[in-house]
Amino acid sequence: MSKTVSIIDDEASVRDAVAMLLETHGMTVACYESAESFLAAPFTAGCIVSDVRMPDVSGLDLLRKLQSEDDPRPVLLMTGHGDVELAVQAIKLGAFDFVEKPFTNERLIASVEDALVASESSLKERIELDDLKAKYAGLSDRQRDTMRLLIRGLSNKEIGQQLGISPRTVEIHRTWVMTKMSARSIADLVRMAMALGIE
């Protein structure tokens, strides 16, 4: 899957300069003059390079919005001289990195390359989690109850007592849970439950 570096800056000269630099290093680039135009565009896998100070929606506002939507793309913020406080705030909000203007070409290229590598793993994790959620959604209510008690370490007999069913019926539900979740072991199932936030 080809990955795109989305560049967001309200200054055309900065957008063009960054785009040209990245393209000469073989990267695919898309430019936006505002956070709004970027948010209105179709999703493209890759990473985001955004200026911090923009009218209307700032780089920090954009970062908050993407975080609230669980967007998997790493965000790299370009900050003006003296915006260190803003940059620290951005990192705390979940920004991947920040580069201070004027930056060296090497610094920006290295950071974007790191962000693209990170985007690969975060997108993979997102796909895996979506797959897990779909599998869990495919369980019946009784199978979900069985799974919750299984990951707490209860035996078939104990689960049967809690759910008011026979250990044999628990065994059937347990088999279905393991099959539908594609879990090889209880440890596997526990890891899946943790990823899904099930206790």
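Rule-based calculations on the coordinates, nothing more; no lab input. Only a predicted model underlies this, so the values are computations on that prediction, with no experimental measurement involved. Ideal geometry is used to build each Cβ from the backbone, glycine not excepted, and the neighbour counts take in all protein chains shown.
A few notes on this one:
- Inter-label distance for Leu123 and Arg107, nm, one decimal - labels placed 7 Å from Cα along Cα-to-Cβ: 2.8 nm
- Region 168-199 and region 136-156 have Cα centres separated by 7 Å.
- Distance distribution note for the chain: the fraction of Cα pairs above 23 angstrom is 54%.
- Nearest-0.05 FRET efficiency for Gln161 and Arg184, computed from C-beta distance (R0 25 Å): 0.40
- The simple spin-label model puts a point 7 Å past each Cα toward its Cβ; for Ile172 and Met20 those points are separated by 7.2 nm.
- Integer Hz, Karplus 6.51/-1.76/1.60 couplings in order for region 116-121, x for Gly and Pro: 5, 5, 5, 5, 4, 6
- A Gaussian network model of the chain, with springs between Cα atoms under 10 Å, assigns the largest mean-square fluctuation among Ser34, Ser155, Ser121 to Ser155.
- Helix axis angle, 141-150 relative to the chain longest principal axis, alpha carbon, degrees: 90 degrees
- Among the listed pairs Lys124/Lys157; Lys133/Lys157; Lys101/Lys133; Lys92/Lys133; Lys3/Lys101, a Cα-Cα separation exceeding 31 Å is found for Lys124/Lys157; Lys101/Lys133.
- Pairs of alpha carbons in region 138-196 whose separation is greater than 13 Å (percent): 54 percent
- Over the residues of the chain, the helix contribution to mean residue ellipticity at 222 nm works out to -18000 deg cm²/dmol, using -39500 (n - 2.57) for each DSSP H run of at least 4.
- Helix 12-24 axis, angle to the chain major axis (alpha carbon atoms, nearest 10°): 70 degrees
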